[in-house]
Amino acid sequence: MPIPSSAMASERDLLSTEIVNRGIESSGPNAGSLTFSVRVRRRLPDFLQSVNLKYVKLGYHHLINHAIYLATIPVLVLVFSAEVGSLSKEELWKKLWDDARYDLATVLGFFGVFVFTLSVYFMSRPRSIYLVDFACYRPHDDLKVSKDQFIEVARKSGKFNEESLEFQKRILNSSGLGDETYIPKSVIASTENTATMKEGRAEASAVMFGALDELFEKTRVRPKDIGVLVVNCSIFNPTPSLSAMIINHYKMRGNILSYNLGGMGCSAGIIAVDLARDMLQANPNNYAVVVSTEMVGYNWYPGSDRSMLIPNCFFRMGCSAVLLSNRRRDYHRAKYRLEHIVRTHKGADDRSFRCVYQEEDENRLKGLKISKELVEIGGDALKTNITTLGPLVLPFSEQLLFFATLVSRHLFSGRGTSQPSLLSGKRPYIPDFKLAFERFCVHAASKTVLDELQKNLELSEENMEASRMTLHRFGNTSSSSIWYELAYLEAKEKVKRGDRVWQLAFGSGFKCNSLVWRSMRRVRKPSRNPWLECIERYPVNL
């Protein structure tokens, strides 16, 4: 059956081309000649042309649940004002005092109901969750590797043939990574297998305890004061768990609520915050610590499968530790207040489920396989997430516009309207997130992903600065990357009081998750920050 021309055109729209300089050929018939190749790949879907309104409705459903108070309170005030406005001062005084003076039971009953209603309202409201402070681990300088040093380390290990080395070199040159990222000592110094439990525990101890030591020093909170501990690490999950390692190291209290999340990819840091929030809502006057990391050496792939070599090129050492609190006394010293968490999971779709997949290659060497459809699948998950988030965070004027769009789409759908106007439902509601947020922390996965996100979300270079600079300086640190980006914004003193910060991450499964924070105060340059020694050199020209 022939393929319709419209379908072919839409398929072409999802493809992009790129001319890649492959350098001078060293052998073969074209030796000594400069060669190029044309790379064709799939782009993110155009969000302006494609959106599933059921996810927008979900976001609006969350919004209207809280907005019902805004709808009912003005009506009650209007009715009360109309009643009071019809009375003269003498009549009003008589109703408020003279008539009530002889009916003390009515006054006391009304006052009791009023106090009871207020008490129930404030007791039923969820407690605010505050981000007191956070810390990001900066490895020692002797673990720094440039792109050329990385290739030399790979060559000296004797585990890669020339084709694999050349492939990794090309990936690195177009990755957006700089020459000061960090890889574990086991990878740098050893020609043996680095994916051992011993090396994994050594790397975990270095990054987790380094980040936690800094966090406890900055916040002056004792480890024994922590009531909830959530640790997420996708690949490395030993027994006892990483959370148990932390409890043992810091001698935390015996009734601590500890959780260890594994296999959940680069967006697991937001999932961990979501779990910590739920635990704090159920346990008042408590602290929660969220530790997000990934073990690079344990995930080092020594084979020749190109789809499994890609993680070697992008993933680098890193760890973040975040202190959350639901104690009202922390209101004045907290940096941020949690506003929203929106999570999207596409695991029901087989392509999404397998697009980032850990398995063995044909030589039974374990690695993380990256699908060529990753960008397309990630774009679909992102579209779902942002259309759910939009109604929760956009200004009131944009929410009214959305409501009109939603109603008109419902009323006019299927009536054959010919004019492609907003009210005819032909153009779906697309949120402009520059109206909703002042600061953006988009997961620094790769240069290609950041380019496509910037284009589709119509973000400026300033909006993407933290993500691009984090990728350049620290590489892809998995679930902790959004915290290195927030640390960059703080080191640049860009976070002002009242600013809304959007942290967006996506990972295997396939998942896309969003965190929204509101700044409680102007954040001055911290005394401890992974960017302090190099912040004057950034942003760099990429």
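The values are calculated or read from the model by the stated rules, or taken from the named source; none is laboratory data. Quantities reported herein were computed from a predicted structural model and do not represent experimental measurements. Note that we place each Cβ from the backbone using ideal geometry, even for glycine, and neighbour counts take in every protein chain shown. Surface areas here come from the heavy atoms of the whole protein model, side chains and all, with no ligands, DNA or RNA. Shrake-Rupley method; radii C 1.70, N 1.55, O 1.52, S 1.80 Å.
So the values come out like this:
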{"item": "Per-region count, segment 336-348, residues in contact (Cβ under 8 Å) with a residue 24 or more places away in the chain and open to solvent by 70 Å² or more (accessible area, probe 1.4 Å)", "result": "2"}
{"item": "For residue 276: the one exception among (1) within 16 Å of residue 320 (Cα to Cα); (2) open to solvent by 10 Å² or more (accessible area, probe 1.4 Å); (3) among the hydrophobic types (A, V, I, L, M, F, W, C); (4) over 14 Å from the mean Cα position of the chain (by Cα)", "result": "(2)"}
{"item": "Inter-residue pairs, beta-carbon under 7 Å, first under 14 Å from residue 301 (Cβ atoms) and in segment 192-207, second of a type outside the set (Ser, Thr, Tyr) and open to solvent by 70 Å² or more (accessible area, probe 1.4 Å), 6+ apart", "result": "195/366"}
{"item": "Whichever residue in segment 132-154 is among the β-branched types (Val, Ile, Thr) and over 18 Å from residue 471 (Cβ atoms) and, among such residues, is nearest to the chain's Cα centre (by Cα)", "result": "132"}
{"item": "Spans of helices (runs of 4 or more DSSP H) in segment 121-221 with at least 3 residues over 22 Å from residue 291 (Cα atoms) and modelled with pLDDT of 90 or more", "result": "147-156, 162-173"}
{"item": "Considering residues of segment 191-209 that are surrounded by 15 or more Cβ atoms within 10 Å (Cβ to Cβ) and either out of contact with any strand residue (DSSP E or B) (no Cβ under 8 Å at 6 or more places or on another chain) or among the aromatic types (Phe, Trp, Tyr) (or both) only, the residue farthest from residue 132 (Cα to Cα)", "result": "194"}
{"item": "Which listed residue is surrounded by 15 or more Cβ atoms within 10 Å (Cβ to Cβ) and touching a Lys or Arg at 6+ places or on another chain (Cβ under 7 Å), from 172, 212", "result": "172"}
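For every residue, the table says whether it meets (1) in contact with a helix residue (DSSP H, G or I) (Cβ under 9 Å, 6 or more places away or on another chain); (2) assigned to a loop (DSSP other than H, G, I, E, B); (3) crowded, with 19+ Cβ neighbours inside 10 Å.
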position: 497; (1), (2), (3): no, yes, no
position: 506; (1), (2), (3): yes, no, yes
position: 509; (1), (2), (3): yes, yes, yes
position: 513; (1), (2), (3): yes, no, yes
position: 517; (1), (2), (3): yes, no, yes
position: 523; (1), (2), (3): yes, yes, yes
position: 541; (1), (2), (3): no, yes, no
